[in-house]
Amino acid sequence: MNSGATAINGLTLTDNLGEYTFQGLTLRPLTYRDGSVLFYIDGVLQPAPTVTADDDLVISGLNIPAGSNAIIIYESLANGFAPLTAGATITNTATVAGCGSIADKLTVCRQIMPLT
């Protein structure tokens with residue numbers, strides 16, 4: 001949410017896709033599903049932002065008009081580096097950076113779908 005009087009432009013969202021270190025290697029247990037990013041401003045679907053997923057998932061060029069809400073939705077799938085034992089968890093971190101100030105809190109929601 002941008003509750004300010006001016007737009008916040010040029011934001012970048014970075015998701016580490018659950019990155020962890022194992023025996024000196026950096027592993028990511030989640031794989032971004034290509035083409036799944038949806039970006040909404042006040043409930044209206046916007047043109048797709050720039051997405052790169054070389055290691056981390058990076059969504060850039062996000063602009064939030066004054067007084068508007070933004071929602072970014074994307075999918076990631078568990079891969080061969082995911083811990084699949086009972087009770088195992090994946091902890092991933094998403095951050096937002098850029099110019100301007102975010103006057104309200106940033107909420108990151110994740111929905112985990114069980115493997116079938």
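The values are calculated or read from the model by the stated rules, or taken from the named source; none is laboratory data. Every value quoted in this text rests on a predicted model; they were computed, and no experiment measured them. Note that each Cβ is placed from the backbone with ideal geometry, even for glycine, and that neighbours are counted across all protein chains shown. Heavy atoms of the whole protein, side chains included, go into the accessibility calculation; ligands, DNA and RNA do not. Shrake-Rupley method; radii C 1.70, N 1.55, O 1.52, S 1.80 Å.
The condition of being of a type in the set (Asp, Glu), modelled with pLDDT under 90 and either within 18 Å of ASP15 (Cα to Cα) or open to solvent by 50 Å² or more (accessible area, probe 1.4 Å) (or both) holds for only one of ASP104, ASP34, ASP56, that being ASP104. If you go through the stretch 37-53 and keep only what is of a type in the set (Val, Ile, Thr), more than 16 Å from THR14 (Cβ to Cβ) and loosely packed, with under 12 Cβ neighbours inside 10 Å, you end up with just VAL44. Residues that are open to solvent by 20 Å² or more (accessible area, probe 1.4 Å) and under 11 Å from the mean Cα position of the chain (by Cα) were ranked within the stretch 14-31; the one that is farthest from ASP55 (Cα to Cα) is THR14.
Which residues, taken from the stretch 1-34, are among the small types (Gly, Ala, Ser), touching a residue at least 12 places away in the same chain (Cβ under 8 Å) and not in a strand (DSSP E or B)? Selection gives SER3, GLY4, ALA5, ALA7, GLY18.
Taken together, the residues in the stretch 75-90 that are open to solvent by 60 Å² or more (accessible area, probe 1.4 Å) and within 17 Å of the chain's Cα centre (by Cα) amount to 3.
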